[in-house]
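Reading through the structure tokens given below for one structure.
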Amino acid sequence: MSNATLNHDLLRAAHAVHEPMRQMRRTLHRNPELSFHEYETSKRIQARLAELQIPFQVMANTGVVAHIGTGDRCVALRADIDALPIQEESGVEYSSTKQGVMHACGHDAHTAMLLGAAQMLKEREISEGASSLGGVIKLIFQPGEEMSPGGASIMIREGVLQNPRPEAIFGQHVNPDATCGTAAFVSGMMLAATDELYWTIHGKSGHAAQPHNATDPILLAAHLITQLQTLVSRRLNPFAPGVLSICTVHGGHATNVIPDTVELSGTLRSMNQAWREEALRVIREHTELLGASPLFGGGRGELRIERGYPPLVNNAETTRFARQAAENLIGTALVEDFEPKMWGEDFAYYTQEIPGTFWMLGIRPPHLDFTPGLHNSKFILDENALPIGAALLANAALKRLAE
Ligand SMILES: [Zn+2]
Ligand SMILES: [Zn+2]
């Protein structure tokens, strides 16, 4: 089959599944569930796969993995399924019915698009025979993207990348900063490693008028905050991206009392593993040195690190391939470059194991210049992106297996 015929077939099939995808997305949007508690969501995915006669198994409690096609080769497609602890204020008629829970990161759309791609691929398998797909397409519906340790790491531990082992994996994320129907790619570094940092600064409480008899943890905290700004400006290669943001400061309760402790927290974002380890070491050692100077009259710092996801690095070869396949399907005018961001995404765990590419799907309504971003209570998306996203997924898998 020629590429032109395949493209035409895929776009037509994607158009045909637009309505079931829209319904599924709205059902999920009305019924969002928090990370690792996606029980109803998981049941809905399973019911839909059963309807489509696609065999599946449950993993990581609420994750689902399905297979279409047959053969020695295998390519994986991934969607995440969880929602966020946000009270929806988007005003759409299918708004969340659950107090304080919302699909504000578009994972409802990711799930609906993968189910749409599943339907397209299954119909193709039925009409042209199981071996016509050129191999096995593994569909991964993954829980808990929004919460450490990340559903991806649990699915991988439970064997999602085994039996069969995919030679490549593709995934996508909706992007409210880009016009509906565009797809954006970047080779190499795409998203950051995300580590959460929690400090406790111990001093010695006392009268504000007699600081010489106390150890002031607020002053120590102030020094720590400013000194740590040196990490990125002086210790990181200027050609490497990195950021340390200290975002909470809690301490004290009265104007005339020096408190005992101050609590700080923040996040380190980095794009490469070696620098990430180095930065965490420097922050820890510097924290432990806090109060060492006789100027401060004692005190000490304590640091707790909650390690987040690794940096998301797109494989050069699969990215070249996926971008070309997308250009071939939707035209070069709709395929853009993605500028790397310091966000985190647990798709990174898959690309640590096998070659893979994660792309961004534009979802901003074309008549708007601006829409609220991901994780915003007013987040909305243009559902005309659904057939394009489904087609891009099916397209990447089919063309890969046809190579
Ligand atoms: Zn998110
Ligand atoms: Zn997300």
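The values are calculated or read from the model by the stated rules, or taken from the named source; none is laboratory data. Keep in mind that what you see is a predicted model, and the values were worked out from it rather than measured. Glycine also receives a Cβ, built like all others from the backbone with ideal geometry; neighbour counts cover every protein chain displayed.
Of the numbered conditions (1) out of contact with any Lys or Arg (no Cβ under 6 Å at 6 or more places or on another chain); (2) within 26 Å of Leu121 (Cα to Cα); (3) among the acidic types (Asp, Glu), Glu383 fails exactly one; give the number of that condition.
(1)
Ala152 - would you say it is closer than 25 Å to Leu386 by Cα, within 16 Å of ligand 1 (Cβ to nearest atom), at pLDDT 95 or above and buried (at least 24 other Cβ atoms within 10 Å of the Cβ)?
In short, yes.
List the residue pairs whose Cβ atoms are under 6 Å apart, where the first residue sits in the range 166-184 and is within 14 Å of ligand 1 (Cβ to nearest atom), the second is of a type in the set (D, E, K, R), and the two are 6 or more positions apart or on different chains.
Close Cβ pairs satisfying both conditions: Gly171/Arg78; Pro176/Arg364.
Please determine, by comparing only the residues of the range 160-187 that are aliphatic (A, V, I, L, M) and part of a strand (DSSP E or B), which one is farthest from ligand 2 (Cβ to nearest atom).
Selected residue: Ala168.
Those residues that are of a type outside the set (Ser, Thr, Tyr), part of a helix (DSSP H, G or I) and surrounded by 13 or more Cβ atoms within 10 Å (Cβ to Cβ), I need them from the range 256-288; list them, please.
Hits for the range 256-288 are Gln273, Trp275, Arg276, Glu278, Ala279, Leu280, Val282, Ile283, Arg284, His286, Glu288.
So which of Leu303, Leu290, Leu219 ends up being within 30 Å of Thr351 (Cβ to Cβ) and touching a helix residue (DSSP H, G or I) at 6+ places or on another chain (Cβ under 8 Å)?
Matching residue, one of Leu303, Leu290, Leu219: Leu303.
Pull out all pairs, ordered by first then second residue, where Cβ-Cβ is under 6 Å, the residues are six or more apart or on different chains, the first lies in the range 125-140 and is on the phi > 0 side of the Ramachandran plot, and the second is assigned to a helix (DSSP H, G or I).
Listed by first residue and then by second, the contacts come to Gly134/Leu401; Gly134/Ala402; Gly135/Leu401.
Within the range 207-218, which residues are touching a residue at least 40 places away in the same chain (Cβ under 8 Å) and surrounded by fewer than 18 Cβ atoms within 10 Å (Cβ to Cβ)?
Selection gives His207, Ala208, Ala209, Pro211, His212, Ile218.
Check Met190 against each of (1) touching a Gly at 6+ places or on another chain (Cβ under 6 Å); (2) within 16 Å of ligand 2 (Cβ to nearest atom) and name the one condition it does not meet.
So the condition that Met190 fails would be (1).
Quick one: would you say Thr261 is closer than 18 Å to Ser205 by Cβ and touching a helix residue (DSSP H, G or I) at 6+ places or on another chain (Cβ under 9 Å)?
For Thr261, the condition - closer than 18 Å to Ser205 by Cβ and touching a helix residue (DSSP H, G or I) at 6+ places or on another chain (Cβ under 9 Å) - is met.
Scanning for something in contact (Cβ under 8 Å) with a residue 60 or more places away in the chain, outside the structural domain of Thr200 (by TED's automatic domain parsing) and within 16 Å of ligand 1 (Cβ to nearest atom), does the range 362-371 turn up at least one residue?
Yes, that holds for at least one residue.
Going through Gly299, Gly331 one at a time, which residue ends up being exposed (fewer than 15 other Cβ atoms within 10 Å of the Cβ) and either outside the structural domain of Ala168 (by TED's automatic domain parsing) or away from ligand 2 (no atom under 16 Å from the Cβ) (or both)?
The unique qualifying residue is Gly331.
Helices (runs of 4 or more DSSP H) wholly in the range 299-403 with at least 3 residues that are among the small types (Gly, Ala, Ser) - which ones?
By residue number, 316-330, 385-402.
Among Ile156, Ile246, Ile201, Ile169, which is the only one that is among the aliphatic types (A, V, I, L, M) and over 27 Å from the mean Cα position of the chain (by Cα)?
Ile201
Quick grid of which residues meet (1) farther than 18 Å from Ala390 by Cβ; (2) touching a helix residue (DSSP H, G or I) at 6+ places or on another chain (Cβ under 6 Å):
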| position | (1), (2) |
| --- | --- |
| Val75 | no, yes |
| Ile81 | no, yes |
| Gln87 | yes, no |
| Tyr94 | yes, yes |
| Thr97 | yes, yes |
| Ala104 | yes, no |
| Ala112 | no, yes |
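Inspect the range 125-146 for any residue being surrounded by fewer than 16 Cβ atoms within 10 Å (Cβ to Cβ), hydrophobic (A, V, I, L, M, F, W, C) and at pLDDT 95 or above and give the result as yes or no.
Checked the range 125-146: at least one residue is surrounded by fewer than 16 Cβ atoms within 10 Å (Cβ to Cβ), hydrophobic (A, V, I, L, M, F, W, C) and at pLDDT 95 or above.
Within the range 148-165, can one find any residue that is in the same structural domain as Trp343 (by TED's automatic domain parsing) and within 24 Å of Ser2 (Cβ to Cβ)?
no
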